[in-house]
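Asks: One structure is given below, represented as structure tokens, and several questions about it will come after.
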């Protein structure tokens, strides 16, 4: 799921601002005589880096000085049990979106799980406030339209940081916009002149998302040297894994190649000798 | 007669000693690698849950466990990527030392939030001659299980070392490589500058606990 923080309003304002700011700054590609740097540039896939960094810094301030205090208030006032009920409730309201995307991705089995969860949680789970389906052996999953596009073979495009919304790319931003207009729950509320409910839905969704991601982001900020590039890498890997999982649900997606293990006694010899304690 | 039996026994015993370590060193397999992951997770959980340890003792034990079971030189080399080739032996040594500190602080802190999660191993595969990919999931009190994959390398002595953790499809090693590459790029590839910003980071992490 993309880092969606302010919902509807943010998208409208954000999309306009993104286009404007995007035109302002582009990264300079490395010269042709440095193949390593060129490969790195292609792999990072962030030609708009200077602009993205500026937007990222702006978002970070908004998170720290606006969203985090709101979330801290929420955490102080509502005990964990209550927060779980709120989170389960808004998650259940996303079932129509999950179901639609499961079907568009051709995942009949996942669609069945989503439908089963929705029926169980909306009834025995008291309108969705209790996730009773998970203990009954139907754990939840999320699926979104950016992921669906990815499953269909649409490429991610360059990395983008959208104002207030956060890490994205043209594919995921498109998916986000489609879901924003196409969310059956919001369409229903708007049709019945319940705009206040639709806005509340958006606000609560934003709060729950913030609450979900806060600890993760704090951990990345704490452990990384360059918070921006750690988040970029994390977002891109996560989305790639979600798309692989959409194509082949339930299986462990084969992870990207990472630490290459040289044969025994091979290149590791170059590593300065280190005595490693094998106690414990 | 007696003498012959004795010789036989001594010979047998000697042979036994020679053979035993070889037998204990089971052929690497998905099963063995999975057992390694389970026992590593259990050791970590037992240690975190051990109320008799004070903070310093726990940190010290955590470091030992981590250093013994993670192939820090291999991970560090991967993270530094192309800059490893141009680093001097002194820079490499210093980098690995700081990298180890940084890793230990990162994981020790993550384990402080431990609240009853359990790890279950669910098979895996052999990636190549000495590499293994073990699938597992972390079950929590609340929320769906988190899939975690472990990339391991088997050692000539029959033990295993972790070379990467892939949490919900996100490789820790790749994320770090991306982070470090970006910092080095901003420093025009000056490794000494990277080392000094690693030192600053480590101090910050220590101060924050």
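Asks: I want to make sure I understand the PRE zone here: with the label point 7 angstrom from the Cα of residue A:36 toward its beta carbon, which residues in region B:50-91 have backbone N atoms less than 20 Å away?
Replies: B:73-91
Asks: Work the Kirkwood hydrodynamic radius out for region B:72-192: mean of 1/r over every pair of different alpha-carbon atoms, inverted, in Å.
Replies: 16.2
Asks: Right, here's the next one. Would you kindly calculate the translational diffusion coefficient of region A:39-144, applying Stokes-Einstein with the Kirkwood radius from alpha carbon pairs, for 4 °C and a viscosity of 1.567 mPa s, and quote it in µm² s⁻¹ without decimals?
Replies: Answer, rounded: 78 µm²/s.
Asks: Under a GNM of chain B (C-alpha, springs under 10 Å), which listed residue has the highest mean-square fluctuation: B:47, B:172, B:187?
Replies: B:187
Asks: Could you tell me how many degrees, from 0 to 90 and to the nearest 10, lie between the Cα long axis of helix B:30-49 and the main elongation axis, the longest principal axis, of the Cα atoms of chain B?
Replies: Compared with the principal axis, the helix lies near 60 degrees.
Asks: Could you work out which residue, out of B:191, B:45, B:141, moves most in a Gaussian network model of chain B, that is, has the largest mean-square fluctuation with Cα springs under 10 Å?
Replies: Ranking B:191, B:45, B:141 by mean-square fluctuation puts B:141 first.
Asks: Another question, then. With each label point set 7 Å from Cα along the Cα-Cβ vector, what nm distance links residue B:117 and residue A:216?
Replies: 1.2
Asks: Follow-up. So if the hydrodynamic radius of region A:158-252 is defined as the Kirkwood radius over C-alpha pairs, what does Stokes-Einstein give as its diffusion coefficient at 20 °C and 1.002 mPa s, in µm² per second?
Replies: 137
Asks: Give the angle, between 0 and 90 degrees and rounded to the nearest 10, that separates the Cα long axis of helix B:172-186 from the longest principal axis of the Cα atoms of chain B.
Replies: 40
Asks: Oh, and also: Please work out the FRET efficiency for the pair residue B:202 and residue A:122, using the Cβ-Cβ distance as r and a Förster radius of 51 Å; give the result to the nearest 0.05.
Replies: Efficiency computed from Cβ-Cβ geometry: 0.55.
Asks: What distance in nm lies between label points placed 7 Å from Cα along the C-beta direction at residue B:168 and residue B:128?
Replies: 3.0
Asks: Something else: Sorting B:43, B:171 on the 10 Å Cβ count, fewest up front, what's the list?
Replies: In increasing order of surrounding Cβ atoms, one gets B:43, B:171.
Asks: Quantify how strongly other chains surround peptide B:120-132 by giving the mean number of their Cβ atoms within 10 Å of each of its Cβ atoms.
Replies: Going residue by residue through B:120-132 and averaging, the value is 2.
Asks: Using only the alpha-carbon atoms, how far is helix B:89-112 inclined from the longest principal axis of chain B? Give it as 0 to 90 degrees, nearest 10.
Replies: Once rounded, the angle reads 90 degrees.
Asks: Enter the mean number of other protein chain beta carbons within 10 Å of the beta carbon of each residue in B:146-156, as an integer.
Replies: 2
Asks: Using only the alpha carbons of region B:98-145, determine the length spanned along each of the three principal axes and report them from longest to shortest in whole angstroms.
Replies: 35, 35, 12
Asks: Report, as an integer, the average count of C-beta atoms from other chains found within 10 Å of each Cβ along A:122-128.
Replies: Whole-number average of other-chain Cβ neighbours for A:122-128 is 0.
Asks: Something else: Could you state the per residue volume, in Å³, of the convex hull enclosing the Cα atoms of chain B?
Replies: Convex hull volume per residue, Cα atoms: 195 Å³.
Every number here is computed from the coordinates shown, using simple stated rules; none is lab data. Given the structure is predicted, the values throughout are model-derived calculations rather than measurements. For neighbour counting, all protein chains shown are included, and Cβ atoms are generated from backbone atoms with ideal geometry for every residue, glycine included.
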